[in-house]
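The values are calculated or read from the model by the stated rules, or taken from the named source; none is laboratory data. Here the structure is a predicted model, which means the values were calculated and not measured. Here the Cβ is made from the backbone with ideal geometry for all residues, glycine too, and neighbour counts use every protein chain on show. Areas reflect the complete protein model, heavy atoms only, side chains present, ligands, DNA and RNA absent. Shrake-Rupley method; radii C 1.70, N 1.55, O 1.52, S 1.80 Å.
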Amino acid sequence: MPKIASARVIVTSPGRNFVTLKVVCDDGTTGVGDATLNGRELAVASYLADHVVPCLIGRDAHRIEDIWQYLYKGAYWRRGPVTMAAIAAVDMALWDIKGKVAGLPVYQLLGGASRAGCMVYGHANGETIADTIAAALDYQGQGYKAIRLQCGVPGMASTYGVSKDKYFYEPADAELPTENLWSTAKYLRVVPELFAAAREALGWDVHLLHDVHHRLTPIEAARLGKDLEPYRPFWIEDATPAEDQEAFRLIRQHTTTPLAVGEIFSSIWDCKALIENRLIDYIRATVLHAGGITHMRQIASLADLYHVRTGCHGATDLSPVTMAAALHLGLAIPNFGIQEYMRHSDDTDAVFPHGYRFADGMLHPGDAPGLGVDIDERLAAAHPYRRAYLPVNRLEDGTMWSW
Ligand code: GCO
Ligand code: MG
C-alpha cells in the first residue's frame with residue numbers, strides 16, 4: 001500500500017491565484033488536489049501546510065474515506081469554506097493516486113461512464129443585448145448546447161458577469177475590492193429583454209442559463225422567474241442569498257423556472273433542506289468547495305432521490321484540477337445535469353497540463369490513470385501570488401448589498 005511520504009502546498013498566479021496540494025507517496029506516486037478559495041487563498045494554504053500536512057505523513061494513501069473522516073471529525077471545528085476546501089484538496093489528490101496505482105481513470109473507480117461526456121455551458125456576455133447575442137451565436141457555432149447569458153444593465157457602470165475580454169472573465173481584479181453599484185429595478189427590466197432577443201436569434205434548440213448572483217429578494221426572484229418563463233430558461237442561478245433557505249419556497253410557489261443554487265455551499269448540510277423539500281432543481285456545489293469527490297458524491301446521491309441534478313460550479317477560480325475531478329464524477333453519477341465551463345487562460349492551462357477535451361458541447365475527462373491533470377511546478381514558480389479580491393456591491397444610495 002502506498003504510504004504518504006510528503007505533501008506540499010503550491011501557490012501560483014498564472015493570471016489568477018491558485019492553491020494546489022501535491023501529495024507524494026513512498027513508492028513515488030503523486031496526486032494533486034485544488035484548494036483555491038477566491039480572495040482568501042492564503043488561509044487555505046496555511047490550513048493545509050500548518051495543520052493538515054503533518055497529520056498525513058505515514059498514512060495509507062488508499063484509505064480515502066478514513067482520511068476524509070479523520071480530517072472532518074478530527075478537526076473538531078467542522079464545515080466552512082476554508083476547512084472543506086482543504087479536505088477537498090487531500091481527497092482529490094488521494095483519488096488521483098488511487099487511479100494511478102490501479103491504472104484507471106478516476107471515473108472508472110466511481111462506477112464507470114454513465115454517458116458519452118459532460119454537457120457544459122459556455123459564457124456569453126456583453127455590455128449590450130446585441131453584444132451578448134453576438135457572443136452567444138459564437139458559442140452556438142462552436143457546438144455549445146448550453147449558454148449562459150449576462151449583459152450590462154443600462155445606467156449601471158459595471159455588472160456582474162460582463163467581461164472586458166470576449167472569452168475570459170475574471171472578477172477578482174484588484175488588490176483591494178472594487179466597488180460596484182446595483183439597481184434591482186433596472187436589472188429586472190433588462191433580463192427578460194435579453195432572453196426574448198436570445199430566443200429570436202438562437203432559436204429553441206439551445207439551453208439558456210442566467211446567474212442572478214445573489215442579488216434579489218425572494219419576491220423579486222419570483223417576478224424574474226415568471227417573466228422568463230416564456231423563454232424556457234434551463235435555470236436561474238443564485239436568485240437570492242441561500243443562507244435563507246426558506247426563501248426558495250416562496251420563489252417556487254410563483255414560478256416553474258428551474259432553480260439552481262449552491263456554488264458557495266461547503267457541505268451536504270447546506271444542501272439537505274433545499275433538496276429534501278424539493279425547492280431546487282440543480283445543485284451547484286463543487287468537489288473543491290464541498291469536500292472533494294468523496295463528499296460531492298454523497299451530495300449527488302442525496303439529490304438523486306429527489307430528482308435534483310448536478311450543475312457544478314466551474315468558474316476560472318476553480319483550477320483545472322477541480323475541472324478534471326468534476327468531470328470524472330459527472331461522467332459517472334446517474335444524476336449529472338450540466339457542468340459550468342469558463343475557460344482558463346493559456347498561462348493557467350500551461351501550469352496545469354490536463355487531458356480533458358471539449359467536443360460536441362461536452363467535456364470528457366480523458367482516459368489517463370488518475371485525474372489526468374498535473375501541476376508544472378517550475379512554471380508555477382514563475383507566477384508568484386498576487387493579492388486579488390472580488391468586488392463589493394452597493395445600492396445606488398450607498399447601502400452595502402450582496403455582490
Ligand atoms: C459562477 C460564479 C462565479 C463566481 C466566482 C467567485 O456562476 O461562475 O458565480 O462567477 O462569482 O466563482 O469566486
Ligand atoms: Mg454563479
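This table checks each residue for (1) under 30 Å from residue 176 (Cα atoms); (2) within 16 Å of ligand 1 (Cβ to nearest atom).
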| site | (1), (2) |
| --- | --- |
| 34 | yes, yes |
| 48 | yes, no |
| 57 | no, no |
| 95 | no, no |
- Message: Kindly evaluate residue 196 against the criterion of being open to solvent by 20 Å² or more (accessible area, probe 1.4 Å), assigned to a helix (DSSP H, G or I) and more than 23 Å from residue 261 (Cα to Cα).
- Response: yes
- Checklist (1) open to solvent by less than 30 Å² (accessible area, probe 1.4 Å); (2) farther than 25 Å from residue 353 by Cβ applied to residue 29, failing item: (2)
- Query: Can we say residue 131 is away from ligand 1 (no atom under 12 Å from the Cβ) and either modelled with pLDDT under 95 or open to solvent by 60 Å² or more (accessible area, probe 1.4 Å) (or both)?
  - Reply: yes
- Message: Looking at residue 287 and the list (1) within 15 Å of ligand 1 (Cβ to nearest atom); (2) open to solvent by 10 Å² or more (accessible area, probe 1.4 Å), which single condition is not satisfied?
- Response: (2)
- Task: Might you let me know whether region 166-173 holds any residue that is outside any loop (DSSP other than H, G, I, E, B) and in contact with a Lys or Arg (Cβ under 8 Å, 6 or more places away or on another chain)?
- Result: no
- Message: Within region 230-244, take every residue that is open to solvent by 40 Å² or more (accessible area, probe 1.4 Å) and modelled with pLDDT under 95 and give me the one that is nearest to ligand 1 (Cβ to nearest atom).
- Response: 243
- strands (runs of 3 or more DSSP E) contained entirely in region 343-399, each with at least 2 residues that are over 19 Å from the mean Cα position of the chain (by Cα): 392-395
- Taking region 152-182 on its own, how many of its residues are open to solvent by less than 20 Å² (accessible area, probe 1.4 Å) and within 23 Å of residue 119 (Cα to Cα)? 1
- Query: When you go through (1) within 16 Å of ligand 2 (Cβ to nearest atom); (2) surrounded by 24 or more Cβ atoms within 10 Å (Cβ to Cβ); (3) not in a loop (DSSP other than H, G, I, E, B) one by one for residue 318, which number turns out not to apply?
  - Reply: (3)
- Every pair of residues 6+ apart whose Cβ atoms lie under 8 Å, when the first sits in region 382-403 and is outside the structural domain of residue 44 (by TED's automatic domain parsing) and open to solvent by 60 Å² or more (accessible area, probe 1.4 Å) while the second is of a type in the set (D, E, K, R) and away from ligand 2 (no atom under 16 Å from the Cβ): 385/41; 386/175; 387/175; 394/179; 400/394; 401/394
- Give region 120-142 a look and list any residue that's of a type in the set (S, T, N, Q) and either free of Cβ contacts under 8 Å to residues at least 12 places away in the same chain or assigned to a loop (DSSP other than H, G, I, E, B) (or both), or say none. 128, 142
